[in-house]
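Please read the structure below before turning to the comments.
Values in this text are rule-based calculations from the coordinates and carry no lab data. Worth saying up front: this structure is predicted, and the values here are computed from it rather than measured. As a convention, Cβ positions derive from the backbone with ideal geometry for all residues, glycine included, and neighbour counts pool all protein chains shown.
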Amino acid sequence: MKQPIFLTPTFQERIWGGENLRKLYHYEIPSEHTGECWAISAHPNGQSVVKSGRFEGKNLSQLWSEYPELFGHYESDHFPLLTKILDANDDLSIQVHPNDSYARQFENCELGKTECWYIIDCAEDAEIIIGHHAQTKEEFMHLIENNQWDELLQREKIKPGDFFYVPSGTIHALCKGIIVLETQQSSDTTYRVYDYDRPSPSGDKRELHLEKAVAVMTVPHVAKKVEPKVWEMDEATITTFVEDRYFTVYKWEVHSRLELVQDQHFMIVSVLEGEGTLEVNRHVYPIDKGQHFILPYRIENFVLNGNMSLIVSHP
């Protein structure tokens, strides 16, 4: 099959979620506390489903196992990536994720979780937590035990269009008033360090995982700055944000036309702004913001026409 695979996302309710996914992308969200759109996902906790065509109704993990030729016979037992849009209507917990080896050993063979964020929109004074000031794990625990969060945590002001790379082991959190597109390893393992002592909908405080968090965190913190590479063309701009062992992430800004070759095992595409068309093998597909699709193996040449902003990734 040399046609794009359009997918229907699934949604996750979170105590920090809101209604911006409906307002921004007109999604039918389950509640006013919807925190996450799992846009391209084969994770068992939330599967994307094919919208139409030959594979209509199949979920992504079925495609991965039954039709490996769509993905160039990529060598992995599981679809390796997960694309999300997050609506941080309130502060997320301060957290950290394990690497592959720790997750395999202690989380039932789950993948680790290295991720990255593209800031779609945010409040004027929005910030993220990324990293900490402790030089040892003992100092880290001392600051936590004494509630010295301001002394412990590194905060950074942000603006729309910013991009952050968050390797496993990084203490981090999105703060309130932020909408991001997240590209990550296909994992749902999070170790909470602090959750602001707030109750869950059931009235209980959410579980913390300090022992595991301290085991997997990077001490001292090592900042991982990205240096985007920008390719300006007459009718489009391509920005390469990161080329990593787990994923490469681009932003395609189409001003009128962009013609490319799909030369990867597969590409994951999310339309963040605008509208236009995708032309593949003389078939034309209308696309607009909020849509997500996969360009499978050997789709070869394709053309994007219109005025659009897209985030694209591949393993």
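Dividing the mean sequence gap of close Cα pairs (under 8 Å, 6+ apart) by how many residues the range 229-314 holds gives a relative contact order of 36 percent. Of the trypsin sites (Lys or Arg not before Pro) found in the range 237-285, those in coil by DSSP whose Cβ has at most 11 other Cβ atoms within 10 Å are ARG245, ARG282.
Please compute the length gained on full extension between ARG22 and VAL226, using 0.36 nm multiplied by the number of residues separating them and subtracting their Cα-Cα distance. Can you show the working numbers first?
Numbers: separation 204, 0.36 × 204 = 73.44 nm, distance 3.07 nm.
Between ARG22 and VAL226, full extension yields an extra 70.4 nm.
In percent, how large is the relative contact order of the range 74-122, given Cα pairs closer than 8 Å and 6 or more residues apart?
Values: 22 pairs, mean separation 11.3, N = 49.
Relative contact order here is 23 percent.
Shown in residue order for the range 271-283 are the 3J(HN,Hα) couplings computed by the Karplus curve 6.51 cos²θ - 1.76 cosθ + 1.60 at θ = phi - 60°: 8, 8, 9, x, 7, x, 9, 10, 10, 9, 6, 6, 9 Hz (x for Gly and Pro).
For the range 110-216, state which GluC sites (Glu not before Pro) are in a DSSP loop and have at most 13 other beta carbons lying within 10 Å of their beta carbon. Passing both the DSSP loop test and the Cβ count: GLU124, GLU207.
Given all pairs of different Cα atoms, what value in angstroms does the Kirkwood hydrodynamic radius of the range 11-87 take? All intermediate terms of the calculation are to be shown ahead of the outcome.
Working: mean 1/r = 0.0736 Å⁻¹.
Over the range 11-87, the inverse of the mean reciprocal pair distance is 13.6 Å.
Expressed as a rounded percentage, what relative contact order does the range 5-216 have, with Cα pairs under 8 Å and six or more residues apart? Contact order relative to length: 23 percent. With the convex hull of the Cα atoms taken as the outline of the range 155-269, the averaged projected area works out to 10.3 nm². In the structure shown, the pairs LYS23/LYS157; LYS137/LYS157; LYS176/LYS212; LYS137/LYS212 are assessed against 19 Å; a Cα-Cα span above that value is assigned to LYS23/LYS157; LYS137/LYS157; LYS176/LYS212. Rounded to 0.05, the FRET efficiency of the ARG155 and LYS2 pair, given R0 = 35 Å and the Cβ-Cβ distance, is 0.15.
Whats the longest run of the chain with zero chymotrypsin sites (Phe, Trp or Tyr not before Pro) that are DSSP loop and have at most 16 other Cβ atoms within 10 Å? Write down the numbers at each step before the final one.
Numbers: sites that count: TYR74, TYR196.
For chymotrypsin sites (Phe, Trp or Tyr not before Pro) (loop position, at most 16 other Cβ atoms within 10 Å), the longest site-free span of the chain is 75-195.
If every alpha-carbon in the range 229-314 counts as one equal scatterer, what log10 I(q)/I(0) does Debye give at q = 0.14 1/Å? At q = 0.14 Å⁻¹ the computed log10 ratios are -0.43. Coupling constants for the range 170-180 follow from the phi torsions by the Karplus curve (6.51 cos²θ - 1.76 cosθ + 1.60, θ = phi - 60°), and in residue order they are 8, 5, 7, 5, 7, 9, 5, x, 10, 10, 10 Hz; glycine and proline get x. Across q = 0.12, 0.15 Å⁻¹, the range 5-216 modelled as identical point scatterers on its alpha-carbon atoms has Debye log10 I(q)/I(0) values of -0.68, -1.04, in the order of the q list.
Would you mind getting me the FRET efficiency between SER200 and SER31? Use the beta-carbon distance for r and R0 = 22 Å, nearest 0.05. Don't skip to the answer; put the middle values down first.
Details: r = 14 Å, r/R0 = 0.65.
E between SER200 and SER31, to the nearest 0.05, is 0.95.
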